[in-house]
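Written out below as structure tokens is the structure these notes cover.
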Amino acid sequence: MNSETNTAPAHISNEPESTAAPHWAAYFLSRVWPYIVAISAVVVSTALSNALDIWLSVGSLTLIYLTGVLIVAMRLGLGPSLLCGVLSYAAYSYSFSLPLHTFHLASSQDWLDLGAFMVAAMITGTLASQVRSQLSVIQETARQNHQLYDFTRGIASAINREKLAELVCQHVSATLNCNTIMLFANSADHLESSASSALSKADAQAAKHCFTNRDIIRAESGWSFVPLAGSKQTLGVLGIKLSTPRATLSQNLTYLLLAMRDQAVIALERINLAAHMEQAQLLKETERLREALLSSVSHDLRTPLASIIGAATTLRDLGSELRDSQRHDLLDTVIDESSRLNRFVQNLLDMTRIGYGALKPRAAWVDLREIVGPAIRSLSNAYPEHRVTLDISDALPQVWTDAVLLERVFFNLLDNAAKYAPASKPITLTIRAEARQAPGQAIITIEDHGPGIPPAQREQVFDMFHRVQRGDTSPAGTGMGLAICRGLMLALGGNIVVQAGATTGTRMILTLPLTAAESV
Amino acid sequence: MKSSQIRILIVDDEAQIRRFLRIALETQGYEVIEAASGREGLSQFAQHPPQLVLLDLGLPDLDGKQVLKDLRSRSNVPVMILSVREDEDEKVAALDAGANDYVAKPFGAAELSARIRAVLRAHNGHQASQPVLRCGDLTIDVSRREVTAAGKAVKLSKKEFEILHLLTHNAGRVLTHSYILHTLWGPEHEHDTQYLRVYVGQLRAKLNDDPAKPHYIANEPGVGYRMLDHAV
């Protein structure tokens, strides 16, 4: 895991704003309302019985009351149904059973009637309330499933641990009405300390305990910690704190919490895996660069050394037999190859400085013509047969830049052109300033008539150690020159790009701000 | 040394290497022709057949090993590899592909001259098989299978004699493990390097040769053995 994520703050989410406390009247009404309905049911039953009294026997009227009791029991539960039963019997015995207008239970028949009312009310009421509570459980489960589904979908889109923690905390807080915190393990398999700073010392200790023992821990303060147990190791801890102290989660909600935890673990493992793969890719790239550097150093240092040692030992061992011109040639070899080595070492140093961002341009007012001169002179030392044609605008102003770095860019580009292009055609170096399409900039182009660079590789050539692969010819190169040119030009506030030349060759285009280096 | 008749072809893309090689070799009486690429080398070889080829493995156009293969398909001219490649497997591959010896860059002029002479002599020796081989104070009578080292007779087993004979016959040249094994034991034992090491150990013991400061058989780690050439 990246250490950068260690700086992540604690992921805490508070419970959603609770709605205003229920008005006492509404609360009272919700409690009393079923009983009022029960009483109304008795009134309705009595009215109905009165109306039907003419056609029905007295005994049959009990059925009307019983129906009322059943309805109340089904809709409103046990309490109201019992009240309804008692009142129904009272109303019945007062209005219809003999002696009228008394509550006297005259006969065993009356007792049986009352009994029937009560039994019916109790059984139906109990059954109904069971059904209703089952229904509400089913509805609750469906709601939770829906929430879990939303949760899973939500966290599937998380691309990093921070985003995941945010989503998980938000969702758990909303679902369980609690505060939530998510802590991650760092690379050393410890709980990230920076994140737990949001907790009290004792809570942080509890979280750590939960993490190391993979156990659900309840702290004194009301925080509960659940381990995020991955397939291989513990990935972190999920902490919740219910809004009401001492409250506990119902079994259902505990299962929901664990289900969300499991989903979070899966998402976290996915994110970790992706991070690992990215890291592996990075390592591979570093390895490739290292190999390229090694083979470059091995070849580009050894080749000139081979010439120098060979020439020097020939001078020593065969000195007396050599003609003067041969001796001179051998000494030339020693000198040329030594300066080639020097250039290579210079390139290595430049590359290292660019790589570490330690390149500090030292700007001064510079006439670009004066930089071109030395670069061309160095080129004709290395490639005596190549010619450079200059086309420099007369109205070229002085440029505020680093002459030494710029000369290195010019030389590298000319050297590159000479290396790949035939000596029969000249290399063209053009400098224009304040062109309409580039105000405040000098545009320098270096064009050759070599084989050119395939369009697909015109950006890649600026990568370190990239060399254009050609089937039949590839003169010795280090793959560093153009990368260094790009690095130097960027340090000077400019840039360099490749285009196709007018014929087959390559056109290097440099943009250089006339004064921007001032701000560096 | 009289070698005015001998023509050497240098195939190397580095102009500076060719320059010093030409001066060094011409001063020693060789005739030198040059090529900067593999293709040019092959065409030069066809036009002016040389008696020795110095071949760089890292050529711009063809792989040096490919050039070697092409040369071997036309001729058994001695080929000496010059390369900055330090990979031991690379050396072995080139030697097994028919190169006669290998000089790693950077090398000195004297070292190169000595190797060139050894390769040329061994090559010429090949063509006329001598009944008695001499290498410094070592004498091998091939027909009688008798060996004397520093004036004393040495009793060798059949295999030990064959190894010594093969190395001495190619004195100055490195022979790869697999070449020796292939020649003396057959292709199925080509990789039994340990086997060879044991025999060479016994041979050194009998010749009273110190592996740390060899007088006769030098070890080329990872590549093979070389009979040190005392005739230089």
The lone condition B:Val142 fails out of (1) touching a Pro at 6+ places or on another chain (Cβ under 8 Å); (2) under 30 Å from A:Ala311 (Cα atoms) is (2)
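Taking the criterion of being without any contact (Cβ under 8 Å) to a residue 12 or more places away in the chain and at the interface with chain B (Cβ under 9 Å from one of its Cβ atoms), would at least one residue in the range A:264-271 satisfy it? Before the answer, list the steps.
Filtering the range A:264-271 down to residues without any contact (Cβ under 8 Å) to a residue 12 or more places away in the chain leaves A:266, A:270.
Filter again for at the interface with chain B (Cβ under 9 Å from one of its Cβ atoms), leaving none.
No.
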If I ask for residues that are touching a Phe, Trp or Tyr at 6+ places or on another chain (Cβ under 9 Å) and acidic (Asp, Glu), which ones from the range A:328-363 would you list? A:Asp329
Considering the range A:319-365 alone, what residues qualify as being surrounded by 13 or more Cβ atoms within 10 Å (Cβ to Cβ), within 11 Å of chain B (Cβ to nearest Cβ) and not in a helix (DSSP H, G or I)? A:Leu322
Has the range A:405-424 got any residue that is without any contact (Cβ under 8 Å) to a residue 60 or more places away in the chain, of a type in the set (Lys, Arg) and in a helix (DSSP H, G or I)? yes
The condition of being of a type outside the set (Gly, Ala, Ser), more than 12 Å from chain A (Cβ to nearest Cβ) and in contact with a helix residue (DSSP H, G or I) (Cβ under 8 Å, 6 or more places away or on another chain) holds, among B:Arg7, B:Arg74, B:Arg19, only for B:Arg74
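Taking the residues in the range A:372-386 that are part of a loop (DSSP other than H, G, I, E, B) and at pLDDT 85 or above as candidates, determine which candidate is nearest to the chain's Cα centre (by Cα). First the steps, then the outcome.
Step one: of the range A:372-386, the residues part of a loop (DSSP other than H, G, I, E, B) are A:383-386.
If we keep only those that are at pLDDT 85 or above too, we end up with A:385-386.
Numbers: A:Glu385: 56, A:His386: 53 Å.
The extreme case among them is A:His386.
Looking for something surrounded by fewer than 17 Cβ atoms within 10 Å (Cβ to Cβ) and part of a helix (DSSP H, G or I) - is there at least one such residue anywhere in the range B:47-63?
Of the range B:47-63, the ones surrounded by fewer than 17 Cβ atoms within 10 Å (Cβ to Cβ) are B:47-49, B:60, B:63.
Next, from what is left, pick out any that are part of a helix (DSSP H, G or I): B:47.
Looking for residues that are surrounded by fewer than 17 Cβ atoms within 10 Å (Cβ to Cβ) and part of a helix (DSSP H, G or I), one finds at least one in the range B:47-63, hence yes.
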Does the range B:111-129 contain any residue that is modelled with pLDDT of 85 or more and in contact with a Ser or Thr (Cβ under 6 Å, 6 or more places away or on another chain)? no
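Here is a check on your reading of the model: is A:Ile308 of a type in the set (A, V, I, L, M, F, W, C), over 30 Å from A:Ala156 (Cα atoms) and within 14 Å of another protein chain (Cβ to nearest Cβ)? Let's see the steps before the verdict.
Details: of a type in the set (A, V, I, L, M, F, W, C): yes; over 30 Å from A:Ala156 (Cα atoms): yes; within 14 Å of another protein chain (Cβ to nearest Cβ): yes.
Here the answer is yes, as A:Ile308 does meet what is asked.
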Could you tell me how many of the residues in the range A:204-248 are assigned to a loop (DSSP other than H, G, I, E, B), among the polar types (S, T, N, Q) and touching a helix residue (DSSP H, G or I) at 6+ places or on another chain (Cβ under 6 Å)? 1
Exactly one of A:Ala207, A:Ala185 is touching a residue at least 24 places away in the same chain (Cβ under 8 Å), within 22 Å of A:Ile159 (Cα to Cα) and of a type in the set (Gly, Ala, Ser), and that residue is A:Ala185
List pairs: first residue in the range A:285-298 and within 14 Å of chain B (Cβ to nearest Cβ), second residue in a helix (DSSP H, G or I) and surrounded by 11 or more Cβ atoms within 10 Å (Cβ to Cβ) anywhere in the structure, Cβ distance under 8 angstrom, at least six positions apart or on different chains. A:Val297/A:Leu348
Residues of the range A:106-157 being in a loop (DSSP other than H, G, I, E, B) and within 30 Å of A:Arg270 (Cβ to Cβ), in sequence order, are A:Ser157
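Going by the conditions given, is B:Glu26 more than 12 Å from chain A (Cβ to nearest Cβ), more than 16 Å from B:Lys69 (Cα to Cα) and modelled with pLDDT of 90 or more? Step through it out loud before you land on a result.
On the way: more than 12 Å from chain A (Cβ to nearest Cβ): no; more than 16 Å from B:Lys69 (Cα to Cα): yes; modelled with pLDDT of 90 or more: yes.
Answer is no for this residue.
Can you tell me which residue in the range A:164-187 is nearest to A:Ser250 (Cα to Cα), limited to those that are not hydrophobic (A, V, I, L, M, F, W, C) and not in a helix (DSSP H, G or I)?
Taking the range A:164-187 and keeping what is not hydrophobic (A, V, I, L, M, F, W, C), we get A:166, A:170-171, A:173, A:175, A:177, A:179-180, A:186-187.
Filter once more, keeping what is not in a helix (DSSP H, G or I): A:177, A:179-180, A:186-187.
Values: A:Asn177: 13, A:Asn179: 17, A:Thr180: 17, A:Asn186: 33, A:Ser187: 36 Å.
Residue satisfying both the conditions and the ranking: A:Asn177.
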Just give me the residues in the range B:85-106 being in contact with a strand residue (DSSP E or B) (Cβ under 7 Å, 6 or more places away or on another chain), part of a loop (DSSP other than H, G, I, E, B) and over 13 Å from B:Val53 (Cβ atoms), in sequence order. B:Glu86, B:Lys105
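So which of A:Ser97, A:Ser93, A:Ser81 is surrounded by 16 or more Cβ atoms within 10 Å (Cβ to Cβ), touching a Gly at 6+ places or on another chain (Cβ under 6 Å), at pLDDT below 85 and of a type in the set (Ser, Thr, Tyr)? Even if it seems obvious, please write down each step before you answer.
Details: A:Ser97 fails: touching a Gly at 6+ places or on another chain (Cβ under 6 Å); A:Ser93 fails: touching a Gly at 6+ places or on another chain (Cβ under 6 Å).
Matching residue, one of A:Ser97, A:Ser93, A:Ser81: A:Ser81.
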State yes or no: is B:Ala104 more than 18 Å from B:Ala171 (Cα to Cα), within 14 Å of another protein chain (Cβ to nearest Cβ), among the aliphatic types (A, V, I, L, M) and surrounded by fewer than 20 Cβ atoms within 10 Å (Cβ to Cβ)? yes
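Provide a single number: the residues in the range A:132-174 that are of a type in the set (Gly, Ala, Ser), surrounded by 12 or more Cβ atoms within 10 Å (Cβ to Cβ) and farther than 30 Å from A:Met277 by Cα. Before the answer, list the steps.
Step one: of the range A:132-174, the residues of a type in the set (Gly, Ala, Ser) are A:133, A:136, A:142, A:154, A:156-158, A:165, A:173-174.
Subset that is surrounded by 12 or more Cβ atoms within 10 Å (Cβ to Cβ): A:154, A:156, A:158, A:165, A:173-174.
In the following step, the residues that additionally are farther than 30 Å from A:Met277 by Cα were identified as A:173-174.
Here the count works out to 2.
With the requirement that a residue be of a type outside the set (Gly, Ala, Ser) and exposed (fewer than 15 other Cβ atoms within 10 Å of the Cβ), what does the range A:217-242 give you? Quick ask: steps written out before the conclusion?
Taking the range A:217-242 and keeping what is of a type outside the set (Gly, Ala, Ser), we get A:217-218, A:220, A:223, A:225-228, A:232-235, A:237-238, A:240-242.
Within the range A:217-242, A:Arg218, A:Glu220, A:Lys232, A:Gln233 meet the criteria.
The values are calculated or read from the model by the stated rules, or taken from the named source; none is laboratory data. Treat the numbers as computed from the prediction; the structure is a model and nothing was measured. Neighbour counts run over all protein chains shown; Cβ positions are idealised from the backbone, glycine included.
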